[in-house]
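The values are calculated or read from the model by the stated rules, or taken from the named source; none is laboratory data. Predicted model, so just to flag it, every value in this text is computed and none were measured. Cβ placement follows ideal geometry from the backbone for every residue including glycine, while neighbour counts extend to all protein chains displayed.
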Amino acid sequence: MNEEKNKKVSDQNKSEPNKNEATNKDNNPKAPPKEKSTEEKLKEAEEKLLRSLAEIENQRRRFEKEIKDAFEFGSFNFAKENLATLDNLQRAREAIKNDEKLKDNKDLDKFLENINIIEKDIVSIFERNRIKKIDTKNKKFDPNFHQAMSEIEDDKVEPGIIIQEIQAGYMLGERLLRPALVSVAKKREIKDEENKDKKDQK
């Protein structure tokens, strides 16, 4: 009896499909993926093209900036070093001009004139390469372009006005090459005046 029952159960299992297999077939259909329409394909291609163009433009800008920075950095250092040549030439001219032994030399004026010509040539080369002297005459002190080396009491001039240029400053285009070293006017202190008055009364 038991053998007959077992045989019937096994026959039923063989005849009935596996439930798990049926479930798997439903969850993972092997139907082919839906093909994209021509419009969708065109839209995707357009988006890829726009992304590629944007990336190329960004690379072009980065490349141009790198070239510009390299050029400006190189010319900046070259210009800064050449300012020393101009400074030395101007110092030499002043030293020769004020030398007691050379004052009586008849060729002194010609020599100074030649130095002036060389100086003008250097300044002209600077200007052609966008290197310009910072104007300080009667200008208000500006820390972006000037460096104050001293303050001088002066009641005739408004405080903060530059009254003396110690060393010329220069710009390279819009970039500060070297600040101008200057002396700036300040108001005379009242205490000093009071002390002077007291001394005069004594």
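Would you please name the residue that is modelled with the lowest pLDDT, looking only at residues in region 146-187 that are farther than 29 Å from Phe76 by Cβ and loosely packed, with under 14 Cβ neighbours inside 10 Å? Don't jump to the end; show me each part of the working.
The initial filter retains those residues of region 146-187 that are farther than 29 Å from Phe76 by Cβ, namely 151-161, 163, 185-187.
Then drop every residue that is not loosely packed, with under 14 Cβ neighbours inside 10 Å, which leaves 152-153, 155-156, 158, 187.
On the way: Ile152: 89, Glu153: 89, Asp155: 80, Lys156: 83, Glu158: 88, Lys187: 84.
If we take residues in region 146-187 being farther than 29 Å from Phe76 by Cβ and loosely packed, with under 14 Cβ neighbours inside 10 Å, then Asp155 is modelled with the lowest pLDDT.
Only residues that are out of contact with any Gly (no Cβ under 6 Å at 6 or more places or on another chain) and surrounded by 14 or more Cβ atoms within 10 Å (Cβ to Cβ): list them for region 130-141, please. Give the steps one after another, and end with the answer.
Going through region 130-141, the residues out of contact with any Gly (no Cβ under 6 Å at 6 or more places or on another chain) turn out to be 131-133, 135-139.
Those that are out of contact with any Gly (no Cβ under 6 Å at 6 or more places or on another chain) and surrounded by 14 or more Cβ atoms within 10 Å (Cβ to Cβ): Ile131, Lys132, Lys133, Thr136, Lys139.
Per-residue answers, yes or no, for (1) within 27 Å of Val182 (Cβ to Cβ); (2) touching a Pro at 6+ places or on another chain (Cβ under 9 Å); (3) not assigned by TED's automatic domain parsing to the domain that holds Leu176:
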residue: Leu86; (1), (2), (3): yes, no, yes
residue: Gln90; (1), (2), (3): yes, no, yes
residue: Lys97; (1), (2), (3): yes, no, yes
residue: Lys103; (1), (2), (3): no, no, yes
residue: Lys120; (1), (2), (3): yes, no, yes
residue: Ser124; (1), (2), (3): yes, no, yes
residue: Asn138; (1), (2), (3): yes, no, no
>> I'd like the full set of residues that are closer than 30 Å to Ser75 by Cα and part of a loop (DSSP other than H, G, I, E, B), limited to region 93-138.
In response: Asn129, Arg130, Ile134, Asp135, Thr136, Lys137
>> Any residue at all in region 104-113 that's surrounded by 10 or more Cβ atoms within 10 Å (Cβ to Cβ), among the aromatic types (Phe, Trp, Tyr) and within 36 Å of the chain's Cα centre (by Cα)?
In response: no
> Which of (1) surrounded by 11 or more Cβ atoms within 10 Å (Cβ to Cβ); (2) over 20 Å from the mean Cα position of the chain (by Cα); (3) touching a residue at least 24 places away in the same chain (Cβ under 8 Å) is the odd one out, the single condition Ala92 does not satisfy?
Replying inline: (3)
>> Cβ-Cβ under 9 Å, sequence separation 6+ or interchain: first residue in region 152-163 and at positive phi, partner of a type outside the set (Ser, Thr, Tyr). Which pairs?
In response: Gly160/Lys140; Gly160/Phe141; Gly160/Val184; Gly160/Ala185; Gly160/Lys186
>> Taking the conditions exactly as written (over 21 Å from Glu165 (Cα atoms) and among the basic types (Lys, Arg)), does Arg91 satisfy them or not?
In response: no
